[in-house]
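The values are calculated or read from the model by the stated rules, or taken from the named source; none is laboratory data. Just so you know, these numbers come straight off a predicted model, no measurement behind them. Glycine also receives a Cβ, built like all others from the backbone with ideal geometry; neighbour counts cover every protein chain displayed.
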Amino acid sequence: MRVVLFSPFKGGVGKTTCAINVASAFCSDHSVVLLDGDRNRSAKQWASQGRLGFPVVNESEEIPECDLLLNFPASKAGGFTPILGKHTMRAK
């Protein structure tokens, strides 16, 4: 599985929009899952309309089998927390 991480430290810069557009571009040729780690859960809200061609999960849900996982975590002061399934990596 390949992982693409969107992790700007500032809010409101388009993480959700970029992640959904990249996932949409790849979902015709690959099995894609979008992991919504943002506190607002905007991608989960978009997915609830049923128009995305890929599943959107949050960090507490099981990640389906996929070729490409797109992840955009909530940023934290002093670093970010990419979330991969139940495992968390910390970077600064």
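Within the stretch 10-47, the set of residues being surrounded by 15 or more Cβ atoms within 10 Å (Cβ to Cβ), assigned to a loop (DSSP other than H, G, I, E, B) and either more than 13 Å from the chain's Cα centre (by Cα) or basic (Lys, Arg) (or both) comprises Cys27, Ser31, Arg41. Of the residues that sit in the stretch 16-33 and are aliphatic (A, V, I, L, M) and at pLDDT 90 or above, which one is farthest from Ile63 (Cα to Cα)? Within the stretch 16-33, the match that is farthest from Ile63 (Cα to Cα) is Ala25.
Selection of the stretch 48-58 for residues being out of contact with any Ser or Thr (no Cβ under 8 Å at 6 or more places or on another chain) and either exposed (fewer than 13 other Cβ atoms within 10 Å of the Cβ) or assigned to a loop (DSSP other than H, G, I, E, B) (or both) yields Ser48, Gln49, Gly50, Arg51, Pro55. Being assigned to a loop (DSSP other than H, G, I, E, B) and under 11 Å from the mean Cα position of the chain (by Cα) is a property that holds for Ser7. The residues in the stretch 35-92 that are among the small types (Gly, Ala, Ser) and at pLDDT below 85 can be counted, and the count is 9.
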